[in-house]
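Notes follow the structure.
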Amino acid sequence: MSARLEIPVEEFASPIQAFATPDMGVEEMFNLISERGFRHLPVLKNKKPIGIISIRDLEFIKNLNRHFDLKAEDIMTNEPYCIPIGSTLEEVAFHMSEKKIGSAIVLNEAGEADSIFTSIDGLNALVEISRGEL
């Protein structure tokens, strides 16, 4: 029987360095996400997550050449997967895998977006764990 690792997910999450507002346009979001090399862009209203947009979503919309009037609130995935600080890496990774979700927004005690944990962060955690670095 193996011991469970109770690793808080925020140890591998990245601080939110960019986000969209509900009224942000497609071009502005695309530039923001592609310039910084992000794959997920939380949509925040009063610091609280209301949606998430992926680079794939934005690329698809841009390729339609009909994105001129679309805003973040028009194309975001509503009700993004959000978790409180202190959630374990194991439970979050399991849920993301089970539901085929690419990211989780970590919330602070006030319910505001604190950081983001992505599938790439999960792979980095796996590497560190398998190497015995934790």
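Please count how many residues of segment 16-26 are open to solvent by 20 Å² or more (accessible area, probe 1.4 Å), at pLDDT 95 or above and either basic (Lys, Arg) or under 29 Å from Ala93 (Cβ atoms) (or both).
Matching residues across segment 16-26 total 1.
Kindly indicate the residue of segment 68-84 that is not in a strand (DSSP E or B) and not hydrophobic (A, V, I, L, M, F, W, C) and also modelled with the lowest pLDDT among those meeting that condition.
First pass over segment 68-84, keeping only residues not in a strand (DSSP E or B): 68-70, 72-76, 79-81.
From what is left, the residues that are not hydrophobic (A, V, I, L, M, F, W, C) are 69, 73-74, 79-81.
Values: Asp69: 83, Glu73: 96, Asp74: 93, Glu79: 93, Pro80: 96, Tyr81: 97.
Per the stated criteria, the residue is Asp69.
Scan segment 102-134 for residues that are under 16 Å from Val43 (Cα atoms) and not polar (S, T, N, Q) and report the count.
Selection size over segment 102-134: 11.
So, of the residues in segment 38-69 that are acidic (Asp, Glu) and surrounded by fewer than 19 Cβ atoms within 10 Å (Cβ to Cβ), which turns out to be farthest from the chain's Cα centre (by Cα)? Let's see the steps before the verdict.
Our first condition is that a residue be acidic (Asp, Glu); within segment 38-69, this holds for 57, 59, 69.
Filter again for surrounded by fewer than 19 Cβ atoms within 10 Å (Cβ to Cβ), leaving 59, 69.
Details: Glu59: 17, Asp69: 24 Å.
Per the stated criteria, the residue is Asp69.
List every residue pair whose Cβ atoms sit under 6 Å apart, with the two residues 6 or more apart in sequence or on different chains, where the first one lies in segment 115-134 and is within 9 Å of Ser14 (Cβ to Cβ) and the second, anywhere, is open to solvent by 80 Å² or more (accessible area, probe 1.4 Å) and of a type in the set (A, V, I, L, M, F, W, C).
none
Could you grab the pairs with beta carbons closer than 8 Å, sequence gap of 6+ or different chains, first residue in segment 5-20 and among the charged types (D, E, K, R), second one open to solvent by less than 60 Å² (accessible area, probe 1.4 Å)?
Cβ pairs passing all conditions: Glu6/Thr88; Glu10/Gly86; Glu10/Val106; Glu10/Ser115; Glu10/Phe117; Glu11/Leu89; Glu11/Ala125.
The values are calculated or read from the model by the stated rules, or taken from the named source; none is laboratory data. Computed from a predicted model, the values in this text were never measured in an experiment. Here the Cβ is made from the backbone with ideal geometry for all residues, glycine too, and neighbour counts use every protein chain on show. Accessible surface areas use protein heavy atoms only, side chains included; no ligands, DNA or RNA. Shrake-Rupley method; radii C 1.70, N 1.55, O 1.52, S 1.80 Å.
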